[in-house]
Amino acid sequence: MHLAKLEINGFRLFRSTFEMSLSGGLNVLVGENDCGKTAIVDAIRFALGTTSQDFMRVEESDFNLSDAVRAQSFTIRCKFIDID
């Protein structure tokens, strides 16, 4: 089983729908500063939870802010494939 697709909308810098396909095995995020790499990892952590001692909570800054308007909601969808 592996995460094959991630869809984010309204979360942090992702104002409109952002979709990302992932392959089985190792996937690497590469990009400039402030392009959303951490937001992608945090979105996965929010959706799946964490086994670390970190307590994750949704904060106002997690909702997208565009043109001085803050999003009222955000969605994070994870699609898994090859489930036995």
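Of note:
- Matching residues, region 49-61, being of a type outside the set (S, T, N, Q), open to solvent by 70 Å² or more (accessible area, probe 1.4 Å) and farther than 18 Å from residue 9 by Cβ: 54, 55, 57
- So residue 21, is it in contact with a Lys or Arg (Cβ under 8 Å, 6 or more places away or on another chain), on the phi < 0 side of the Ramachandran plot, of a type outside the set (D, E, K, R) and modelled with pLDDT under 95: no
- Looking only at region 29-48, and only at residues there that are charged (D, E, K, R) and surrounded by fewer than 11 Cβ atoms within 10 Å (Cβ to Cβ), the one that is modelled with the highest pLDDT: 32
- Here the condition is being more than 9 Å from the chain's Cα centre (by Cα) and open to solvent by less than 50 Å² (accessible area, probe 1.4 Å); of 21, 66, it holds for 66 alone.
- Residues (out of contact with any strand residue (DSSP E or B) (no Cβ under 6 Å at 6 or more places or on another chain) and more than 25 Å from residue 21 (Cβ to Cβ)) located in region 67-84: 67, 68, 69, 72
- Close pairs from region 62-84: first touching a residue at least 12 places away in the same chain (Cβ under 8 Å) and more than 16 Å from residue 3 (Cβ to Cβ), partner open to solvent by 90 Å² or more (accessible area, probe 1.4 Å) and of a type in the set (S, T, N, Q), Cβ under 8 Å, at least 6 apart: 63/72
The values are calculated or read from the model by the stated rules, or taken from the named source; none is laboratory data. Because the structure is predicted, anything quoted here is derived from the model rather than measured. Note: ideal-geometry Cβ built from the backbone for every residue, glycine included; neighbour counts use all protein chains shown. What goes into the accessible areas is simple: the full protein's heavy atoms, side chains included, and nothing from ligands, DNA or RNA. Shrake-Rupley method; radii C 1.70, N 1.55, O 1.52, S 1.80 Å.
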